[in-house]
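Pasting in a structure now, in C-alpha coordinates, and then I'll have a few things to ask.
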Amino acid sequence: MEIAAPHPQVLPFFPQYSIESMVESAITNYRESENCVGHQQRAMMTWVMLTAFVESGGIPGIDLGSAGVQHLGCLSVDIVGTGEVPHYGGKMDGVHLKADAGNLFMLGDDSFSCVISNHTVEHLLCDKLVGSVTPEQRIQFGCPGYEVANILRKHWIRIVRPGGLVLIIAPDQKAASDAGSSVFLQDPGHRHAFSAESFYENVIESLLDVVEVVNMPQFDNQFSWFYLLKKK
(Lines give C-alpha, C1' and ligand atoms only; values in the text may rest on other atoms or scores of the structure.)
Protein backbone atom coordinates (compact mmCIF):
# COMPACT_ATOMS: atom_id res chain seq x y z
CA MET A 1 0.00 0.00 0.00
CA GLU A 2 1.77 3.13 -1.19
CA ILE A 3 0.57 6.66 -0.59
CA ALA A 4 2.32 9.68 -2.05
CA ALA A 5 1.02 13.19 -1.50
CA PRO A 6 3.87 15.72 -1.67
CA HIS A 7 3.38 19.34 -2.58
CA PRO A 8 3.55 18.90 -6.40
CA GLN A 9 0.46 16.72 -6.32
CA VAL A 10 -1.54 19.10 -4.15
CA LEU A 11 -0.55 22.62 -5.11
CA PRO A 12 -2.25 22.70 -8.54
CA PHE A 13 -5.58 22.59 -6.73
CA PHE A 14 -4.67 25.63 -4.60
CA PRO A 15 -3.45 28.30 -7.03
CA GLN A 16 -3.76 30.99 -4.33
CA TYR A 17 -1.28 29.16 -2.07
CA SER A 18 2.44 29.88 -2.07
CA ILE A 19 5.08 27.96 -0.12
CA GLU A 20 7.20 31.11 -0.03
CA SER A 21 4.40 33.27 1.35
CA MET A 22 1.98 31.22 3.41
CA VAL A 23 -1.10 32.84 4.93
CA GLU A 24 -0.69 32.56 8.71
CA SER A 25 -4.36 31.84 9.46
CA ALA A 26 -4.45 29.20 6.73
CA ILE A 27 -1.56 27.30 8.27
CA THR A 28 -3.52 26.50 11.43
CA ASN A 29 -7.13 26.60 10.29
CA TYR A 30 -8.61 23.84 8.14
CA ARG A 31 -11.53 26.11 7.28
CA GLU A 32 -9.25 28.32 5.18
CA SER A 33 -9.13 27.40 1.49
CA GLU A 34 -5.43 28.36 1.35
CA ASN A 35 -4.54 25.62 3.84
CA CYS A 36 -3.38 22.99 1.37
CA VAL A 37 -1.47 21.27 4.19
CA GLY A 38 -4.72 20.71 6.06
CA HIS A 39 -6.54 19.56 2.94
CA GLN A 40 -3.67 17.23 2.11
CA GLN A 41 -4.04 15.59 5.51
CA ARG A 42 -7.84 15.39 5.19
CA ALA A 43 -7.45 13.74 1.79
CA MET A 44 -5.19 11.14 3.37
CA MET A 45 -7.79 10.47 6.06
CA THR A 46 -10.55 10.10 3.49
CA TRP A 47 -8.49 7.64 1.45
CA VAL A 48 -7.77 5.47 4.52
CA MET A 49 -11.39 5.58 5.68
CA LEU A 50 -12.74 4.56 2.27
CA THR A 51 -10.15 1.80 1.92
CA ALA A 52 -11.02 0.37 5.35
CA PHE A 53 -14.77 0.72 4.69
CA VAL A 54 -14.56 -1.24 1.44
CA GLU A 55 -12.15 -3.88 2.73
CA SER A 56 -14.34 -4.53 5.78
CA GLY A 57 -17.50 -4.92 3.73
CA GLY A 58 -19.13 -1.74 4.98
CA ILE A 59 -18.06 -1.42 8.63
CA PRO A 60 -17.86 2.28 9.58
CA GLY A 61 -14.71 3.98 10.84
CA ILE A 62 -14.19 6.47 13.65
CA ASP A 63 -12.47 9.87 13.59
CA LEU A 64 -10.96 10.74 16.98
CA GLY A 65 -10.53 14.46 17.59
CA SER A 66 -12.53 15.31 14.49
CA ALA A 67 -12.95 19.03 15.26
CA GLY A 68 -16.45 18.65 13.86
CA VAL A 69 -15.30 17.55 10.41
CA GLN A 70 -17.32 14.61 9.11
CA HIS A 71 -16.02 11.89 6.79
CA LEU A 72 -18.43 9.67 4.87
CA GLY A 73 -19.01 6.41 6.73
CA CYS A 74 -17.13 7.61 9.80
CA LEU A 75 -18.25 8.42 13.37
CA SER A 76 -17.10 11.92 14.30
CA VAL A 77 -15.78 12.11 17.89
CA ASP A 78 -14.45 15.13 19.75
CA ILE A 79 -14.00 16.07 23.41
CA VAL A 80 -15.49 19.53 22.79
CA GLY A 81 -18.76 18.16 21.44
CA THR A 82 -20.83 20.72 19.57
CA GLY A 83 -19.83 23.74 21.64
CA GLU A 84 -17.33 26.52 21.22
CA VAL A 85 -13.88 25.62 19.93
CA PRO A 86 -11.56 27.06 22.60
CA HIS A 87 -8.41 27.61 20.52
CA TYR A 88 -9.55 28.16 16.94
CA GLY A 89 -12.81 29.94 17.66
CA GLY A 90 -16.22 29.33 16.15
CA LYS A 91 -18.50 26.37 16.79
CA MET A 92 -18.48 22.73 15.79
CA ASP A 93 -21.70 21.18 14.56
CA GLY A 94 -20.49 17.93 13.00
CA VAL A 95 -19.68 15.90 16.13
CA HIS A 96 -21.63 12.65 16.52
CA LEU A 97 -20.19 11.68 19.92
CA LYS A 98 -18.69 13.86 22.63
CA ALA A 99 -15.90 11.79 24.18
CA ASP A 100 -12.28 11.89 25.27
CA ALA A 101 -10.01 10.11 22.77
CA GLY A 102 -7.98 8.89 25.74
CA ASN A 103 -10.95 7.14 27.36
CA LEU A 104 -13.12 5.09 25.01
CA PHE A 105 -14.28 2.29 27.31
CA MET A 106 -17.86 2.87 26.14
CA LEU A 107 -16.93 1.51 22.70
CA GLY A 108 -16.76 -2.23 22.09
CA ASP A 109 -13.80 -4.31 20.96
CA ASP A 110 -13.27 -4.80 17.20
CA SER A 111 -16.13 -2.39 16.41
CA PHE A 112 -14.71 -0.20 13.62
CA SER A 113 -12.98 -0.67 10.29
CA CYS A 114 -10.46 2.05 11.11
CA VAL A 115 -9.41 4.81 13.46
CA ILE A 116 -8.35 8.05 11.80
CA SER A 117 -6.86 10.84 13.85
CA ASN A 118 -5.46 14.17 12.72
CA HIS A 119 -3.46 16.24 15.23
CA THR A 120 -5.05 14.59 18.27
CA VAL A 121 -2.43 12.26 19.73
CA GLU A 122 -0.35 15.22 20.93
CA HIS A 123 -3.32 16.36 23.06
CA LEU A 124 -3.71 13.11 25.01
CA LEU A 125 -3.35 13.33 28.78
CA CYS A 126 0.16 13.08 30.17
CA ASP A 127 0.39 12.71 33.95
CA LYS A 128 4.02 13.71 33.83
CA LEU A 129 3.08 17.18 32.62
CA VAL A 130 0.21 17.80 35.06
CA GLY A 131 0.93 21.12 36.73
CA SER A 132 3.22 22.41 33.98
CA VAL A 133 1.61 25.46 32.46
CA THR A 134 4.03 27.31 30.23
CA PRO A 135 5.57 25.94 27.01
CA GLU A 136 8.97 26.29 28.68
CA GLN A 137 7.87 24.00 31.52
CA ARG A 138 6.49 21.44 29.08
CA ILE A 139 9.74 21.46 27.13
CA GLN A 140 11.68 21.05 30.39
CA PHE A 141 9.68 18.11 31.74
CA GLY A 142 8.81 16.51 28.42
CA CYS A 143 7.00 13.20 27.98
CA PRO A 144 8.60 10.16 26.32
CA GLY A 145 5.25 8.81 25.13
CA TYR A 146 4.70 5.70 27.23
CA GLU A 147 1.30 6.95 28.37
CA VAL A 148 0.34 7.51 24.75
CA ALA A 149 1.29 3.92 23.87
CA ASN A 150 -0.92 2.67 26.69
CA ILE A 151 -3.89 4.73 25.46
CA LEU A 152 -3.45 3.52 21.88
CA ARG A 153 -3.34 -0.11 23.02
CA LYS A 154 -6.30 0.07 25.42
CA HIS A 155 -8.53 2.29 23.31
CA TRP A 156 -7.63 3.11 19.71
CA ILE A 157 -6.30 -0.28 18.62
CA ARG A 158 -8.75 -2.25 20.75
CA ILE A 159 -11.83 -0.82 19.03
CA VAL A 160 -10.54 -1.58 15.50
CA ARG A 161 -11.38 -4.95 13.92
CA PRO A 162 -8.49 -7.34 13.14
CA GLY A 163 -7.02 -6.24 9.84
CA GLY A 164 -8.40 -2.74 10.35
CA LEU A 165 -6.36 0.44 9.91
CA VAL A 166 -5.16 3.07 12.37
CA LEU A 167 -4.00 6.38 10.87
CA ILE A 168 -2.17 8.81 13.17
CA ILE A 169 -1.21 12.27 11.91
CA ALA A 170 0.63 14.62 14.26
CA PRO A 171 2.66 17.84 14.21
CA ASP A 172 6.34 17.34 13.48
CA GLN A 173 8.57 18.37 16.38
CA LYS A 174 11.68 17.95 14.21
CA ALA A 175 10.40 20.45 11.66
CA ALA A 176 9.55 22.84 14.50
CA SER A 177 12.98 22.36 16.09
CA ASP A 178 14.70 22.98 12.76
CA ALA A 179 12.80 26.29 12.63
CA GLY A 180 13.90 27.15 16.19
CA SER A 181 10.53 26.43 17.79
CA SER A 182 8.53 23.64 19.44
CA VAL A 183 5.06 22.19 18.91
CA PHE A 184 4.41 23.16 22.53
CA LEU A 185 4.46 26.76 21.33
CA GLN A 186 1.88 26.17 18.57
CA ASP A 187 -1.10 25.20 20.71
CA PRO A 188 -1.72 25.56 24.47
CA GLY A 189 -3.42 22.15 24.43
CA HIS A 190 -0.33 20.23 23.24
CA ARG A 191 0.96 17.75 25.83
CA HIS A 192 3.43 15.91 23.62
CA ALA A 193 6.10 16.89 21.13
CA PHE A 194 6.93 14.02 18.77
CA SER A 195 9.02 13.70 15.66
CA ALA A 196 8.24 10.73 13.42
CA GLU A 197 11.37 9.03 14.76
CA SER A 198 10.67 9.61 18.45
CA PHE A 199 7.05 8.47 18.04
CA TYR A 200 8.25 5.20 16.56
CA GLU A 201 10.87 4.63 19.25
CA ASN A 202 8.74 5.60 22.24
CA VAL A 203 5.27 4.54 21.14
CA ILE A 204 5.03 2.22 18.15
CA GLU A 205 7.88 -0.13 19.04
CA SER A 206 5.96 -1.18 22.16
CA LEU A 207 2.83 -1.90 20.07
CA LEU A 208 4.34 -4.14 17.40
CA ASP A 209 2.79 -7.20 19.04
CA VAL A 210 -0.68 -5.90 18.09
CA VAL A 211 -0.05 -3.79 14.96
CA GLU A 212 2.19 -3.70 11.92
CA VAL A 213 3.40 -0.54 10.22
CA VAL A 214 1.86 -0.34 6.75
CA ASN A 215 3.30 2.99 5.72
CA MET A 216 5.21 5.92 7.13
CA PRO A 217 6.36 8.33 4.42
CA GLN A 218 6.70 11.96 5.32
CA PHE A 219 4.08 14.40 4.04
CA ASP A 220 6.89 16.63 2.76
CA ASN A 221 5.03 19.66 4.09
CA GLN A 222 7.31 20.62 6.99
CA PHE A 223 4.31 20.47 9.32
CA SER A 224 3.17 16.89 10.03
CA TRP A 225 4.15 13.24 9.86
CA PHE A 226 1.91 10.19 9.79
CA TYR A 227 1.88 6.46 10.54
CA LEU A 228 -0.55 4.02 8.97
CA LEU A 229 -0.89 0.89 11.10
CA LYS A 230 -2.79 -2.36 10.62
CA LYS A 231 -4.19 -4.34 13.55
CA LYS A 232 -2.95 -7.94 13.68
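The values are calculated or read from the model by the stated rules, or taken from the named source; none is laboratory data. Computed from a prediction, not measured in an experiment: that's the story for all the values here. Neighbour counts run over all protein chains shown; Cβ positions are idealised from the backbone, glycine included. Side chains are part of the model used for accessible areas, which takes the heavy atoms of the whole protein and leaves out ligands, DNA and RNA. Shrake-Rupley method; radii C 1.70, N 1.55, O 1.52, S 1.80 Å.
Short version: ³J(HN,Hα) in whole Hz for each residue of the stretch 165-175, in order, from phi by Karplus 6.51 cos²θ - 1.76 cosθ + 1.60 (θ = phi - 60°), x for Gly and Pro, what are they?
9, 10, 10, 10, 10, 8, x, 8, 5, 5, 4
Per residue of the stretch 61-69, what does 6.51 cos²θ - 1.76 cosθ + 1.60 with θ = phi - 60° give for ³J(HN,Hα)? Whole Hz please, x for Gly and Pro, Karplus curve as stated.
For the stretch 61-69, the Karplus curve yields x, 9, 10, 8, x, 6, 6, x, 7 Hz.
Using a 1.4 angstrom probe on the protein heavy atoms only, line up K230, K174, K98 by accessible area, largest first.
These residues rank, largest area first, as K98, K174, K230.
Could you order the peptides 192-203, 138-149, 116-127 from most to least packed, using the average number of other C-beta atoms within 10 Å per residue?
Highest to lowest by the protection proxy: 116-127, 192-203, 138-149.
Let me ask something additional. Once the other residues with Cβ under 12 Å from the Cβ of S206 are scored (Lys, Arg +1; Asp, Glu -1), what is the net sum?
Every neighbour counted, the sum reads -3.
Amide H of G163 versus every other amide H placed in the peptide plane: which residues, excluding those fewer than 5 positions away on the same chain, fall under 5 Å?
K231, K232
Given the protein chains as shown and a 1.4 Å probe, how many square angstrom of W47 are accessible, to the nearest 10?
100 Å²
Which entries in K154/K231; K98/K174; K154/K174 show an alpha-carbon gap greater than 21 Å?
K98/K174; K154/K174
Points 7 angstrom from Cα along the Cβ direction at K232 and E212: gap in nanometres?
1.0 nm
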